[in-house]
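Novice: Let me begin by handing over the structure; questions about it come next.
The values are calculated or read from the model by the stated rules, or taken from the named source; none is laboratory data. Predicted model, so just to flag it, every value in this text is computed and none were measured. Here the Cβ is made from the backbone with ideal geometry for all residues, glycine too, and neighbour counts use every protein chain on show. Just so you know, the surface numbers come from the protein's heavy atoms only, side chains and all, with ligands and any DNA or RNA stripped out. Shrake-Rupley method; radii C 1.70, N 1.55, O 1.52, S 1.80 Å.
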Amino acid sequence: MSRINILQIAFIANIFILVPVCWNMFLGSGVGGVFEGKVDESVGLRLLVGSLWLAILAGSIAGLWAPRFFAPIVLIQIFYKSFWLLVFVLPLLMSGRPGDVPWGISITFMAIVLIYPILFWLSRTWQSV
């Protein structure tokens with residue numbers, strides 16, 4: 001077995017996180033379950049977000065074999081999750097409404113936003129892209 005690329009840790013984490021999330025989005029409780037009932041359910045939203053996460057899941061599986069090629073998936077996650085935290089979660093917290101925050105997904109997003117840049121940096125993938 002070859003040496004693991006540190007970026008593969010992000011892909012492995014994505015797989016463990018996204019398999020149950022995608023299952024919920026397409027076959028389970030949908031947006032309501034994933035977002036703890038704090039984001040309105042709609043078929044369009046379920047398909048849009050579910051499709052994005054399914055694409056990230058597929059790219060993460062492929063990233064186990066080609067981490068350099070699929071490295072942009074990690075960057076996309078860092079950016080869109082940071083943006084969601086800044087424009088959705090932060091305003092709720094600043095307006096004194098922490099009860100309206102879907103904490104499960106928010107904490108997962110925060111962990112990804114804090115850890116994935118370090119993995120990306122340590123992988124030195126960006127030097128070759």
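Novice: Of all residues in region 80-109, count the ones that are open to solvent by less than 60 Å² (accessible area, probe 1.4 Å), among the basic types (Lys, Arg) and out of contact with any helix residue (DSSP H, G or I) (no Cβ under 8 Å at 6 or more places or on another chain).
Specialist: 0
Novice: Kindly establish whether residue 117 is open to solvent by 60 Å² or more (accessible area, probe 1.4 Å) and either touching a helix residue (DSSP H, G or I) at 6+ places or on another chain (Cβ under 8 Å) or at pLDDT 95 or above (or both).
Specialist: It is false that residue 117 is open to solvent by 60 Å² or more (accessible area, probe 1.4 Å) and either touching a helix residue (DSSP H, G or I) at 6+ places or on another chain (Cβ under 8 Å) or at pLDDT 95 or above (or both).
Novice: Name the helices (runs of 4 or more DSSP H) wholly inside region 26-128 in which the number of residues that are under 11 Å from the mean Cα position of the chain (by Cα) and in contact (Cβ under 8 Å) with a residue 24 or more places away in the chain is 1 or more.
Specialist: Because the criterion is at least 1 residues that are under 11 Å from the mean Cα position of the chain (by Cα) and in contact (Cβ under 8 Å) with a residue 24 or more places away in the chain, the helices (runs of 4 or more DSSP H) in region 26-128 that meet it are 43-63, 67-84, 103-123.
Novice: Please determine whether any residue of region 1-14 is touching a residue at least 40 places away in the same chain (Cβ under 8 Å) and in a loop (DSSP other than H, G, I, E, B).
Specialist: Yes, the conditions are met somewhere in region 1-14.
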